[in-house]
Amino acid sequence: MTDRVTATPDALDLLARLAAKHGPLVLHLSGGCCDGTAPLCLPRGEFRMGGGDLCLGVVGGTPFCMGGSAFAYWEHSQVILDVILARGGGFSLEAPDGVRFTAKSRLFTDDELPGLTAPVPAATL
């Protein structure tokens, strides 16, 4: 079975360091025009999920969520969470370290599509 979301070793390391400092986390990809591939990393429970938000999976113990309208664009792609050296304009937990999470993608193959698990409502987290 192919996961809808994966993470690079650098992203997993950063998630582990942030979780050790801040406790359980959640990642949310807004899908907006600005920072549209920069998921927010926040303490779990401090970000109110909307009724249309979906959880695509878990990476490094952290749920990865996005809005349903954004998922309409990403549904045929595997999300690959990575880290880049850059300063973001948001309030994501990694920002003080001079890095930011980024969401890369690759299209699923025809063989992978039938085995994908459907995302679950993020409100169930």
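General observations
- If R0 equals 25 Å, the separation of the Cβ atoms of Arg17 and Glu75 corresponds to a calculated FRET efficiency of about 0.25.
- Carbon/sulfur fraction of accessible area - the chain, other protein chains in place, 1.4 Å, %: 56 percent
- Cα-based convex hull volume of the chain per residue, rounded to whole Å³: 102 Å³
- Pair Val120, Lys104: separation of 7 Å Cα→Cβ label points (nm): 2.9 nm
- Solvent-accessible surface of the chain, taken per residue with a 1.4 Å probe and all protein chains present: 54 Å².
- Spacing of the two label points (7 Å from each Cα toward its C-beta) at Val58 and Glu112, in nm: 2.1 nm
- Qualifying chymotrypsin sites (Phe, Trp or Tyr not before Pro) for region 56-125 [loop in DSSP, other Cβ within 10 Å: at most 16]: Phe91
The values are calculated or read from the model by the stated rules, or taken from the named source; none is laboratory data. Nothing here was measured: the structure is a model prediction, and the numbers come from that model. Note: ideal-geometry Cβ built from the backbone for every residue, glycine included; neighbour counts use all protein chains shown. Only protein heavy atoms, including side chains, enter the accessible area calculation; ligands, DNA and RNA are left aside. Shrake-Rupley method; radii C 1.70, N 1.55, O 1.52, S 1.80 Å.
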